[in-house]
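Chemist: Before anything else, here's the structure in question.
The values are calculated or read from the model by the stated rules, or taken from the named source; none is laboratory data. What you see is a predicted model; the values in this text were computed from it and never measured. Here the Cβ is made from the backbone with ideal geometry for all residues, glycine too, and neighbour counts use every protein chain on show.
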Amino acid sequence: MVKEFLAPAKINLCLHVLGKRPDGYHDVAMLMQRISLYDRVRIALVAEGGVRVNCSGLALAPGEENIAARAARRILELSGVSTGVEIHIDKQIPVAAGLGGGSSDAATVLVGLNEMLGAGLDPVTLVAEGAKLGADVPFFVNGRTAWATGIGECLQSVDGLPPAWYVLINPGVAVSTAWVYQNLRLTSQGVVAKLPKFPRTVGELAGFLANDLERVTIAGFPIVEEVKARVLDLGARGALMSGSGPTVFGVFDSRDAAESALSQLRQMAGWRVFLAHPLED
Ligand SMILES: C[C@@](CO)(OP(=O)(O)O)[C@H](O)COP(=O)(O)OP(=O)(O)OC[C@H]1O[C@@H](n2ccc(N)nc2=O)[C@H](O)[C@@H]1O
Ligand SMILES: Nc1ncnc2c1ncn2[C@@H]1O[C@H](COP(=O)(O)OP(=O)(O)O)[C@@H](O)[C@H]1O
């Protein structure tokens, strides 16, 4: 059996770091949305045992393993089914970019393989297994716009955000999430944020954007600030770095306005740019 799935990217419309935990992770409060930029993940069940992953456009460090392989092995273990699994990922989401590509690939494999094997693992189990793979994986398993707390694994669905258009700009540098959190100097411990009033218009969304990690990444990669300034000059209502960066998204209220900015930004050597919209829940 072979099946193909789309694994979407995410953006963080806000990201507040509330404090450091004893295990070294950070408690956060984030508004997260899936967007229309995808990796393609093809999963095949094959006779030859073991899990093999082939992923275009991704060079892993020696000893590092594709997170999708770890997800597949976990589903095989939990289901008790003995079959071989071959995964091919056509990588379109920039890597180490703040867009959650690896986490989305992993979540796609957790959910997709569970379904293909008829393993019957329930959503709560899949979310919990996702959290063991990475802080962003539960969000993608859940597959809805969410207010995410804890390290990202406590998810509350959020409805009614405005139908914005986004222009994503990746300036072509890779940023390690671990490095950003390590360099974050918390000046005061945050409080566990109660649910904010979520934006209902593109104007409100532009005013809502905030990311505590932005200044850390900008200190190491000043290009992020340049990208923000450029997309704001081109008419974005607001702009923010996503996650730990370096990708920046500009918020537009029409497709035409976003496309006009996109055509200008395409001329910047070394920058990858994408037009995207929020995915429906
Ligand atoms: C910043 C965010 C925002 O959505 O996304 P990205 O920029 O990575 O896309 C997430 O918090 C990242 O999630 P994810 O990329 O899954 O993180 P993990 O692999 O679990 O963790 C990588 C490293 O980041 C740090 N980390 C991660 C999440 C968190 N809440 N606190 C942390 O301190 C830890 O040092 C950890 O070793
Ligand atoms: N399927 C995958 N896609 C992307 N990165 C992966 C994958 N598997 C393992 N990785 C590792 O995870 C790191 C973070 O990748 P990614 O999920 O793209 O970024 P981010 O954490 O910024 O959202 C990469 O630098 C790479 O070393």
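Chemist: Could you list all residues from segment 1-52 that are in contact with a helix residue (DSSP H, G or I) (Cβ under 7 Å, 6 or more places away or on another chain) and closer than 17 Å to Val180 by Cα?
Modeler: Cys14, His26
Chemist: On the given criteria, is Val231 more than 16 Å from ligand 1 (Cβ to nearest atom) and touching a residue at least 40 places away in the same chain (Cβ under 8 Å)?
Modeler: yes
Chemist: Look at segment 56-93 and say how many of its residues are touching a residue at least 40 places away in the same chain (Cβ under 8 Å) and under 24 Å from the mean Cα position of the chain (by Cα).
Modeler: 15
Chemist: Which condition breaks for Glu259 when tested against (1) touching a strand residue (DSSP E or B) at 6+ places or on another chain (Cβ under 8 Å); (2) crowded, with 20+ Cβ neighbours inside 10 Å?
Modeler: (2)
Chemist: With respect to Tyr38, is the statement that it is within 30 Å of Arg185 (Cα to Cα), assigned by TED's automatic domain parsing to the domain that holds Ala107, within 16 Å of ligand 1 (Cβ to nearest atom) and of a type in the set (Ser, Thr, Tyr) true?
Modeler: Here the answer is no, as Tyr38 does not meet what is asked.
Chemist: Given the residues Thr125, Thr145, which is the only one that is of a type outside the set (Lys, Arg) and within 15 Å of ligand 1 (Cβ to nearest atom)?
Modeler: Exactly one of Thr125, Thr145 is of a type outside the set (Lys, Arg) and within 15 Å of ligand 1 (Cβ to nearest atom), namely Thr145.
Chemist: Something else about it: Which one is surrounded by the fewest Cβ atoms within 10 Å (Cβ to Cβ), of the residues in segment 53-78 that are touching a helix residue (DSSP H, G or I) at 6+ places or on another chain (Cβ under 9 Å) and part of a strand (DSSP E or B)?
Modeler: So, considering only residues that are touching a helix residue (DSSP H, G or I) at 6+ places or on another chain (Cβ under 9 Å) and part of a strand (DSSP E or B), the one surrounded by the fewest Cβ atoms within 10 Å (Cβ to Cβ) is Cys55.
Chemist: Related question: Checking the condition free of Cβ contacts under 8 Å to residues at least 24 places away in the same chain and of a type in the set (S, T, N, Q), which residue from Asn170, Asn142 passes?
Modeler: Exactly one of Asn170, Asn142 is free of Cβ contacts under 8 Å to residues at least 24 places away in the same chain and of a type in the set (S, T, N, Q), namely Asn142.
Chemist: Which ones in segment 1-59 are among the small types (Gly, Ala, Ser) and farther than 30 Å from Gly207 by Cβ?
Modeler: Of everything in segment 1-59, those that are among the small types (Gly, Ala, Ser) and farther than 30 Å from Gly207 by Cβ turn out to be Ala7, Gly24, Ala44, Ala47, Gly49, Gly50, Ser56, Gly57, Ala59.
Chemist: It is to be established whether one or more residues within segment 79-88 are outside the structural domain of Pro246 (by TED's automatic domain parsing), at pLDDT 95 or above and in a loop (DSSP other than H, G, I, E, B).
Modeler: There is at least one residue in segment 79-88 that is outside the structural domain of Pro246 (by TED's automatic domain parsing), at pLDDT 95 or above and in a loop (DSSP other than H, G, I, E, B).
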